Amino acid sequence: MLKKSFDSFRFAINGLKTVWREEHNFRIEVIVAVLVGIIIFYFDFSFVESAFCIIAMTLVLSAEIINTVVEDMCDRIEPNEDPVIGKIKDTAGAFVLVSVIGAIVVGILVFYNHFF
């Protein structure tokens with residue numbers, strides 16, 4: 001049972017490596033998340049402010065991973081141009097966009113409280 005858990009963890013790490021290597025937007029989002037993490041630590045954000053920022057960052061990164069899964073699966077299922085596949089991929093991209101907009105709003109609210 002421990003080996004199965006270890007293997008699952010290893011597969012998940014491999015997935016993160018793949019997304020990092022193949023997805024430019026994911027790398028940008030990770031860099032932004034690291035910068036926000038540094039700001040949270042440096043400016044001593046409250047526990048609640050930190051939690052909101054971390055949840056927002058996690059949502060954006062998770063959405064990007066899901067978007068990558070959906071796009072790769074769609075490309076595998078139908079490599080040619082298809083309107084339904086296009087709709088699915090656009091909708092997955094919209095999920096990322098909505099999560100990014102939400103993270104920006106959280107960032108504005110939390111950062112405004114500290115800097116203005």
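The values are calculated or read from the model by the stated rules, or taken from the named source; none is laboratory data. Because the structure is a prediction, the values reported are computed rather than measured. Heads up, the Cβs are rebuilt from the backbone with ideal geometry, glycines too, and the neighbour counts pull from every protein chain shown.
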Suppose we filter the stretch 1-49 for residues that are farther than 21 Å from Val100 by Cβ and assigned to a loop (DSSP other than H, G, I, E, B); how many remain? 4
Checking the structure you have, find out if any residue of the stretch 12-23 is aromatic (Phe, Trp, Tyr) and free of Cβ contacts under 8 Å to residues at least 24 places away in the same chain. yes
Is it the case, given these coordinates, that Val60 is modelled with pLDDT of 95 or more and over 23 Å from Val19 (Cα atoms)? no
Can you tell me which of (1) in contact with a Ser or Thr (Cβ under 7 Å, 6 or more places away or on another chain); (2) over 27 Å from Gly107 (Cα atoms) is the one Asn14 doesn't meet? (1)
From Asn80, Asn25, Asn14, Asn67, grab the single residue that is under 30 Å from Phe115 (Cβ atoms) and of a type outside the set (A, V, I, L, M, F, W, C). Asn25
Which one of Glu81, Glu64 is in a helix (DSSP H, G or I) and charged (D, E, K, R)? Glu64
Set Val60, Val48, Val34: member being touching a residue at least 24 places away in the same chain (Cβ under 8 Å), among the β-branched types (Val, Ile, Thr) and closer than 29 Å to His114 by Cβ: Val60
With the structure loaded, tell me whether Val36 is on the phi < 0 side of the Ramachandran plot and either surrounded by 14 or more Cβ atoms within 10 Å (Cβ to Cβ) or of a type in the set (Gly, Ala, Ser) (or both) or whether it fails that test. yes
For the stretch 18-28, check the following and say yes or no: at least one residue is surrounded by 11 or more Cβ atoms within 10 Å (Cβ to Cβ), closer than 17 Å to Leu109 by Cβ and either at pLDDT below 95 or under 17 Å from the mean Cα position of the chain (by Cα) (or both). no
Can you tell me which residue is nearest to Glu71 (Cα to Cα) among those in the stretch 1-17 that are among the hydrophobic types (A, V, I, L, M, F, W, C) and modelled with pLDDT of 95 or more? Leu16
Check on Thr68, of a type in the set (Ser, Thr, Tyr), on the phi < 0 side of the Ramachandran plot, modelled with pLDDT of 95 or more and loosely packed, with under 12 Cβ neighbours inside 10 Å: no
